[in-house]
Amino acid sequence: MSTAPVNFDKTKTFLIDTTKCTGCRGCQVACKQWNQLKAEKTVFFSGEGYQNPPQMSEYTFTRVKFKDYQKDGQNEFAFYKEMCMHCNDPACASVCPVGAFKKTPEGPVVYDTKRCIGCRFCMIACPFGIPKYEWSKAFPLVRKCTGCYSRIKEGMQPACATACPTAITYGNRDDMLKEAERRLKKRPDHYFQAIYGKEEAGGTSILYLTQQPLDELGFKQITKRPLPSYTWQALRLVPGIFLTVGGTLSLVSWFQHRKDRIRREEEQKKQQTGGACCAPADTANDEKEDNQ
Amino acid sequence: MTAAARIVMDEIKGYHNFIKLMMILTGVGALASLVRFIFGLGATTHLNDTYPWGLWISFDVVTSVPLAAGAFTIGIVAHVFHIKKLEPLVRPAIVTGFLGYSLVCIGLLLDLGQPQRGINVLLYWNIHSPMFEVSMCVMAYTTVLTLEFLHPVAEKFGWHLPLRLLRTLELPFAILAAMISTLHQSTLGTFFLIAVDKLHNLWYNPLLPLQFWLSAIFTGLSIVIFEASLVHKYMKQPDEAELLATLTKIIPWVMGVYIFVKAYALAFLSHGPLFDRPVLLMLFAIEVVFGLFLPFGMFLMKRIRTDKQLQMRAASLVLFGLIMNRFNVSMFGMEQAGQQIYVPSIIESLVTIGIISAHVLFFVLIAKYFPIFEHHPEATDYTIPDHFHKIEKGHGEGVKA
């Protein structure tokens, strides 16, 4: 998890070139089909602009965000596909009390429905707001993009990557980073010079290329440090603090009770000698030992 | 109606109306939690994907745990530092702690989506999870508190052997309680360290766990004062203002360290803008001015420290400040600008009111039927009675028989 550094070069990674996205939403449909997710009844313009459904949910693991903006007096669209980022060091996996989330060696962050106790800490922890809850159910579970783990284990590509006609390239992380950098270098005026996901949250298995500045498109500014390190810097001290507190308090109580013991012994000594102060010291000690 | 039921009904009829009200509220809370289990979280609460945690986590867990810290703090002061005269304050604090933690467990189970799998925490350890650590500690500490609570129970029913055993374990339990409490009180702060870029900079800093621990200590002592004052006022128990004055001498020291840590963390360890959200700034100001500086100043004055009316007021302000702080961290400070605002649903509110009422109700009832206040260790008989007359007959005979 957060301690063992692993090389993520060979983890499967999405390179999503938003400049090539046509907003066809084939990925959305493919995702729903493969994961057998229910359609949601939505109303047009219920969220921001043209995007539909208005937000990701227990039924929607991925969605294309629409951003309209003006360029040279012309109305333009920018699209980007929102999905689980499959972080290299996922916050959801680190906070889960039962370890229901796991970063697989292949790349996807997967969720074990049988372990989940439903505390929803993953939803608090995820910097991208990805895990969603089955609020419609009496005994709900968390739902999120699986990175099509079952498909890639069989040598296939994820459903959305297969469906996408233009924007998604899928492969090993080092190759995808190389490809992204090649594109940035080849057309420097076309691209905003950044790869979102290269270092965000310690690196993710999704890499984005954009034409517009990231914040204009609605990409969150995220720390470059892996999130689990934030809690681990406190949690790693736990055994030490536990023993220090125990040891200190034991010592304190020994000293505090010692004063009391000594006083009691002295009182006893006084009683035995009938209140007289001039009994020989060694006899008093003997008496004390007898009393013990 | 059977005879036993009639005796119980007659007993209840004799209760004060306030207790009857608490019984009704507890019953309503129990019904509301039943509704939550039948219809599920989504239908009965106002939780959603934007607010996965609401009133139940913010109050029933994050706030209730420090409010139940009285048991471990008074345990340290009275048993570890061996200030014997404080002994009369220990048992009421242990009962409060025992009830508090039992109700925290209930609150946690209510909030879980899969409460029937709660045991998984013991089966699949994840030591990187603050939630894992808190659940282990809460389970362990609830066990310790239950054993400590058995002390008056054993005394009431004259179980001599357990009584003697519990008496011997008093000090080890006090130390163990402090060890476990230090861990989970601080780890509740660690919860929110993962919320980088979510929790507002006014509260987010790496020293949050230390602040949670320090504030739990002075809150624990304050709740002992608060409770002893109420018990004196409404349950006709002796006035302990003089004993409480010992505690009020300790509180400003801990509060002083807390203020220093909080100021240091805010000045040097927080990143990003502090004054960008007027509402949050106001909440922070209320928390710090009325819940921290004001009681700190009050506790610095000897006149207030020793006056039973004023020490109660200062303690109440500390409790107010703590509740504000925990809500600021776990709820208000986590709200992003422009987000819809979370308001708890009726079911959520009824359950939380029910939990508070249950706490008051069970405290009063336990105090009514068990020796909680009249406890004086020197007067209690800790000897084991010689039921089998082994001593009289001689040991040899006893063994042969």
**Item:** Residue pairs meeting the criteria (Cβ under 6 Å; at least 6 apart or on separate chains; first in the same structural domain as A:Lys65 (by TED's automatic domain parsing) and under 18 Å from A:Tyr170 (Cβ atoms), in segment A:204-222; second among the hydroxyl-bearing types (Ser, Thr, Tyr) and in a loop (DSSP other than H, G, I, E, B))
**Value:** A:Ser205/A:Thr11; A:Leu209/A:Tyr191
**Asked** Applying the selection to segment A:229-243, what residues are of a type outside the set (Gly, Ala, Ser), more than 9 Å from chain B (Cβ to nearest Cβ) and assigned to a helix (DSSP H, G or I)?
**Response** A:Pro239
**Fill in**
Note on segment B:177-220: residues aromatic (Phe, Trp, Tyr) and more than 23 Å from B:His271 (Cβ to Cβ) are B:Phe218
**Complete:** Taking first residues from segment A:231-259 that are within 17 Å of B:Phe132 (Cβ to Cβ) and touching a residue at least 24 places away in the same chain (Cβ under 8 Å) and second residues anywhere that are among the small types (Gly, Ala, Ser) and part of a helix (DSSP H, G or I), the pairs with Cβ under 7 Å that are 6 or more apart or on different chains are A:Thr231/A:Ser94
**Message:** Pull out all pairs, ordered by first then second residue, where Cβ-Cβ is under 7 Å, the residues are six or more apart or on different chains, the first lies in segment B:121-135 and is over 12 Å from A:Cys119 (Cα atoms) and more than 7 Å from chain A (Cβ to nearest Cβ), and the second is of a type outside the set (Val, Ile, Thr) and not in a loop (DSSP other than H, G, I, E, B).
**Reply:** B:Trp125/B:Phe132; B:Val134/B:His184; B:Val134/B:Leu188
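Residue-by-condition table, conditions (1) β-branched (Val, Ile, Thr); (2) buried (at least 18 other Cβ atoms within 10 Å of the Cβ); (3) within 13 Å of chain A (Cβ to nearest Cβ); (4) without any contact (Cβ under 8 Å) to a residue 40 or more places away in the chain:
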position	(1), (2), (3), (4)
B:Leu147	no, no, no, yes
B:His151	no, yes, no, no
B:Leu161	no, no, no, no
B:Phe173	no, yes, yes, no
B:Met179	no, yes, yes, yes
B:His184	no, yes, yes, no
B:Asn205	no, yes, yes, no
B:Ser215	no, yes, no, no
B:Leu221	no, yes, no, no
**Complete:** Only one of (1) free of Cβ contacts under 8 Å to residues at least 40 places away in the same chain; (2) assigned to a loop (DSSP other than H, G, I, E, B) does not apply to A:Pro165, and that is (1)
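Would you be able to say whether some residue in segment A:214-223 is of a type in the set (Phe, Trp, Tyr) and crowded, with 17+ Cβ neighbours inside 10 Å?
Within segment A:214-223, one or more residues are of a type in the set (Phe, Trp, Tyr) and crowded, with 17+ Cβ neighbours inside 10 Å.
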**Asked** B:Val289 versus (1) closer than 29 Å to A:Thr223 by Cβ; (2) in a helix (DSSP H, G or I): which is the lone unmet condition?
**Response** (1)
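Results for (1) more than 10 Å from every other protein chain (Cβ to nearest Cβ); (2) touching a residue at least 24 places away in the same chain (Cβ under 8 Å); (3) in a helix (DSSP H, G or I), shown as yes or no for each residue.
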{"site": "B:His46", "(1), (2), (3)": "yes, yes, no"}
{"site": "B:Asp49", "(1), (2), (3)": "no, no, no"}
{"site": "B:Val62", "(1), (2), (3)": "yes, yes, yes"}
{"site": "B:Val65", "(1), (2), (3)": "yes, yes, yes"}
{"site": "B:Ala71", "(1), (2), (3)": "yes, yes, yes"}
{"site": "B:Val77", "(1), (2), (3)": "yes, yes, yes"}
**Flag if B:Leu230 is over 26 Å from B:Gly189 (Cα atoms), of a type in the set (A, V, I, L, M) and either assigned to a helix (DSSP H, G or I) or in contact with a Cys (Cβ under 9 Å, 6 or more places away or on another chain) (or both)** = yes
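Can you tell me which residue among A:Asp89, A:Asp72 is without any contact (Cβ under 8 Å) to a residue 60 or more places away in the chain, acidic (Asp, Glu) and either in contact with an Asp or Glu (Cβ under 6 Å, 6 or more places away or on another chain) or more than 7 Å from every other protein chain (Cβ to nearest Cβ) (or both)?
Of the residues listed, the single one that is without any contact (Cβ under 8 Å) to a residue 60 or more places away in the chain, acidic (Asp, Glu) and either in contact with an Asp or Glu (Cβ under 6 Å, 6 or more places away or on another chain) or more than 7 Å from every other protein chain (Cβ to nearest Cβ) (or both) is A:Asp72.
The values are calculated or read from the model by the stated rules, or taken from the named source; none is laboratory data. It should be emphasised that the depicted structure is a prediction, and the values quoted were computed from it without experimental measurement. Cβ sites come from the backbone with ideal geometry, for glycine too, and all protein chains shown count toward neighbours.
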